[in-house]
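As structure tokens, the structure follows; a few thoughts come after it.
Bear in mind that the values in this text are calculations on the coordinates, not laboratory data. Since the model is a prediction, treat every value here as computed from it, not as a measurement. Cβ coordinates were reconstructed from backbone atoms using ideal geometry, including for glycine residues, and neighbour counts include every protein chain displayed.
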Amino acid sequence: MSRHQFKVVRSGTRSNSTSLDMKLPPDVQFHEDIHLLVYRPQGVLNEAAVNKIIRVIGKLEALSKKPFNRFFDTLGHDEVQLNFEYMIHIAIYRRLSYSGRPAVKSAILATDSTIVHYAKLHALMTQGSPIKVRIFQDRKEAARWLGVAEELLLAPASV
């Protein structure tokens, strides 16, 4: 495989590597066959966590030949340490860095009121850009909007 191809992650598999020798964090899955990134973080939602997923998305966007949708399952977060200034900065950065590209959907599964507020701010700040953000409290609705099977959005069973 060339340096700029991803190893296909078939739906239902649990691979965290790409053919680019890019090791994905354990809380990230990339399903190239259905153009979907799934992120299921745990613990504290802070700048470090957001920066980590922004770096992963940026690398995948730079190397992927096709646009891909995103699903962020925030239900594993047990604490939020963010502020509005940082979230505005991230939303503007994402809006500018993805400018001129094909439309993508970014589904955020959230029930925590603080996370919902930050997600709404992100959605508002990316309006009019190719990044279409929606917040969901129901995984089934998120799957329907993304056009994927709900099972793909479920956390993998613990080994």
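Here are some notes:
- GLN42 sits among other residues whose Cβ lies under 15 Å from its own Cβ, and their net charge, with Lys and Arg +1 and Asp and Glu -1, is -3.
- In this label model, LYS52 and ASP33 are separated by 2.7 nm, measuring between points 7 Å along each Cα→Cβ vector.
- Whole-Hz couplings from phi, Karplus 6.51/-1.76/1.60, listed for the range 31-41; x for Gly and Pro: 9, 5, 4, 10, 6, 9, 9, 10, 10, 10, x
- Convex hull volume per residue in cubic angstrom - Cα atoms of the range 28-153: 94 Å³
- Legend: calculated FRET efficiency, LYS132 to ASP78, from the Cβ-Cβ distance at R0 = 25 Å, rounded to 0.05, equals 0.35.
- Computed on the range 28-153, with alpha-carbon pairs under 8 angstrom and 6+ residues apart, the relative contact order is 23 percent.
- The HN-Hα couplings worked out from phi for the range 110-115 by the Karplus form 6.51 cos²θ - 1.76 cosθ + 1.60 (θ = phi - 60°) are 8, 10, 5, 4, 5, 5 Hz, whole numbers, x standing for Gly and Pro.
- Taking a ≥ b ≥ c as the square roots of the eigenvalues of the Cα gyration tensor, the range 39-79 is oblate, since a/c reaches 1.5 or more and a/b is not larger than b/c.
- With the cut-off at under 18 Å, measuring from each backbone N in the range 130-148 to a point 7 Å along the Cα-to-Cβ line of VAL116 picks out 133-143.
- Each Lys or Arg adds one and each Asp or Glu subtracts one; over the other residues with Cβ under 12 Å from the Cβ of ALA91, this totals +2.
- Neighbourhood net charge (9 Å Cβ-Cβ; Lys/Arg +1, Asp/Glu -1) for LEU146: +3
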